[in-house]
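Okay, so here's the structure we're looking at.
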Amino acid sequence: MIYMDNAATTMPKKEVVEAMMPYLTENYGNPSAIYQFANISKAAIAKARKEVADLIHVRPETIYFTSGGTESDNWVLQEAFHNAIRNGIKEPHIITSRIEHHAILHTCQSLRELGCQVTMLPVDHNGLVDPRAVRDAIQENTVLISIMAANNEIGTIEPITEIGEIAHRAGIPFHTDAVQAFGQIPMDVSKMPIDYLSASSHKIYGPKGVGFLYINEKQKTKALLHGGGQERNRRAGTENVAGIVGFGKACELARNSLEDRMQRESNLRDYMINRLLKEISDVHLNGDPIKRLPNNINLSFHGIEGESILIMLDMRGICASSGSACTAGSIDPSHVLIATGLSPEEARESIRLTISDTTTKDEVDQVVDALIEITGRLREMSPLYS
Ligand SMILES: *Cc1c(COP(=O)(O)O)cnc(C)c1O
């Protein structure tokens, strides 16, 4: 098998699984208990919190473990809305973009039903949000600006420092969904105008079902889940100790390898993109060619359905993805590609290949060769292509 769907999830590292094992077996103490046995779990969480915090250069006290990126995104948006309502703002306003993950977009949709105003900003051809558009969208009742650090489908890295500065000049908190950027590109959050940041373990070679929300000390955010006093009274529920330990280990590994990984992956990415653009006709690259995650390749092949390519890749043991989602048998084109200006037909012609830190040049060559053959065959059969 060749796995090129690392934006969907990654393979947990061996060291990660090994670090977790004792907390799935003998070290099962509840971290909230007072005996020494429980302290083993408590200390393991503290160590993991520090590893996580170090990766983005913040204090461990600002990290709140959650069940993943989705929960972190829900938490920050829902609490911004409810807090505004508590403070007497009748129709709170949130600014976000059209290319956010569904964890953001569908949460906004549900808040709209409760009376929230939402502005979903457009993006340019490459998927970039214009900071000036953010500034122009600010209203008196704007309570949160949420723009992703990097897009999960097309890999575009957004100008979040500029956007955060605009938010802060207007006195509005800034959140970034950094699930794709965290551990993949350097981020010194201590020097960035960020109040909230969401990240997830399983996108950086850690286990699934764990993530965090970074909350800047200045923010008074209330809990999303109520119950016990875990996570400094802000996120109740007995901790996912093994998951948190695994996440901590993944962050330690990610921090030590960050520069090398970025270099290696972006070289492989560019090699793959160049081969595909040169050796297959009528292909175009989606997303920004420069401001791009090191592991992301997203291409449209004119005249062929992305889904057909994916099925034929799968028959060769190659895992890739498209941005589109199947709903009730019909294939919805990706909202991200549509936002970059592609027609629904063009959006359905795309596939996403996301490499990992262990992807080899040989694997890249095999996938490119397979794509040359597959696209050639599909185009021969296609009435759409001439
Ligand atoms: C994967 C992803 C999420 C969701 O994270 P989970 O931990 O799977 O809930 C949110 N945002 C982005 C950009 C993602 O890529």
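Quick check on segment 253-270. Is at least one of its residues in a helix (DSSP H, G or I), within 16 Å of the ligand (Cβ to nearest atom), over 30 Å from Ile172 (Cβ atoms) and out of contact with any strand residue (DSSP E or B) (no Cβ under 8 Å at 6 or more places or on another chain)? Looking for residues that are in a helix (DSSP H, G or I), within 16 Å of the ligand (Cβ to nearest atom), over 30 Å from Ile172 (Cβ atoms) and out of contact with any strand residue (DSSP E or B) (no Cβ under 8 Å at 6 or more places or on another chain), one finds at least one in segment 253-270, hence yes. Cβ-Cβ contacts under 6 Å between residues 6 or more apart (or on different chains), taken from a first residue in segment 59-78 that is over 9 Å from Leu213 (Cα atoms) and of a type in the set (S, T, N, Q) to a second residue that is within 14 Å of the ligand (Cβ to nearest atom) and modelled with pLDDT of 95 or more, are listed as Ser67/Gly209; Thr70/Ala103; Asn74/Thr107.
Go through segment 65-95 and give me each residue that's farther than 18 Å from Thr119 by Cα and under 17 Å from the mean Cα position of the chain (by Cα). Selection gives Phe65, Thr66, Ser67, Gly68, Gly69, Thr70, Glu71, Ser72, Trp75. The set of residues in segment 1-14 that are within 23 Å of the chain's Cα centre (by Cα) and touching a residue at least 60 places away in the same chain (Cβ under 8 Å) comprises Ile2, Tyr3, Met4, Asp5, Asn6, Ala7, Ala8, Thr9, Thr10, Met11, Pro12, Lys13.
Each residue in segment 40-72 was checked for being among the polar types (S, T, N, Q) and more than 12 Å from the ligand (Cβ to nearest atom), and 2 pass. Across segment 205-228, the qualifying residues are those that are hydrophobic (A, V, I, L, M, F, W, C) and buried (at least 24 other Cβ atoms within 10 Å of the Cβ), and the one among them that is farthest from the ligand (Cβ to nearest atom) is Ile215. You will find that of Glu71, Glu61, Glu79, the residue that is farther than 26 Å from Cys108 by Cβ and in a helix (DSSP H, G or I) is Glu61 and no other. Of the set (1) out of contact with any Phe, Trp or Tyr (no Cβ under 7 Å at 6 or more places or on another chain); (2) within 18 Å of Met381 (Cβ to Cβ), all apply to Ile309 but (1).
Checking each residue in segment 181-232 for being on the phi < 0 side of the Ramachandran plot and of a type in the set (D, E, K, R) picks out Asp188, Lys191, Asp195, Lys203, Lys208, Glu217, Lys218, Lys220, Lys222.
For Lys50, state whether it is without any contact (Cβ under 8 Å) to a residue 60 or more places away in the chain and among the basic types (Lys, Arg). Spelling it out, it is not the case that Lys50 is without any contact (Cβ under 8 Å) to a residue 60 or more places away in the chain and among the basic types (Lys, Arg). Among the residues of segment 369-380, is there at least one that is in contact with a Ser or Thr (Cβ under 7 Å, 6 or more places away or on another chain) and under 24 Å from Ile99 (Cα atoms)? So far as segment 369-380 goes, no, none of its residues is in contact with a Ser or Thr (Cβ under 7 Å, 6 or more places away or on another chain) and under 24 Å from Ile99 (Cα atoms). Among the candidates Val17, Val52, the residue that is over 27 Å from Asp130 (Cα atoms), surrounded by 18 or more Cβ atoms within 10 Å (Cβ to Cβ) and modelled with pLDDT of 95 or more is uniquely Val52. Do we have any residue at all in segment 149-171 that's more than 13 Å from the ligand (Cβ to nearest atom) and part of a strand (DSSP E or B)? Checking segment 149-171: not a single residue is more than 13 Å from the ligand (Cβ to nearest atom) and part of a strand (DSSP E or B). Screening Asn152, Asn141, Asn126 for residues that are modelled with pLDDT of 95 or more, touching a strand residue (DSSP E or B) at 6+ places or on another chain (Cβ under 8 Å), closer than 23 Å to Thr354 by Cβ and polar (S, T, N, Q) leaves exactly one candidate, Asn126. Checking each residue in segment 188-204 for being among the aliphatic types (A, V, I, L, M) and either within 13 Å of the ligand (Cβ to nearest atom) or surrounded by 24 or more Cβ atoms within 10 Å (Cβ to Cβ) (or both) picks out Ile194, Leu197, Ala199, Ile204. Going through segment 73-106 one residue at a time, which ones are of a type in the set (S, T, N, Q) and either out of contact with any strand residue (DSSP E or B) (no Cβ under 8 Å at 6 or more places or on another chain) or within 8 Å of the ligand (Cβ to nearest atom) (or both)? Hits for segment 73-106 are Asn74, Gln78, Asn87.
Within segment 227-251, if we keep just the residues that are in a helix (DSSP H, G or I) and of a type in the set (Gly, Ala, Ser), the residue that is nearest to Ile40 (Cα to Cα) turns out to be Ala242.
The values are calculated or read from the model by the stated rules, or taken from the named source; none is laboratory data. This one's a predicted model, so the numbers in the text were calculated from it and none came from an experiment. Because the Cβ atoms are built from the backbone with ideal geometry, glycine has one as well, and the counts that use them run over all protein chains shown.
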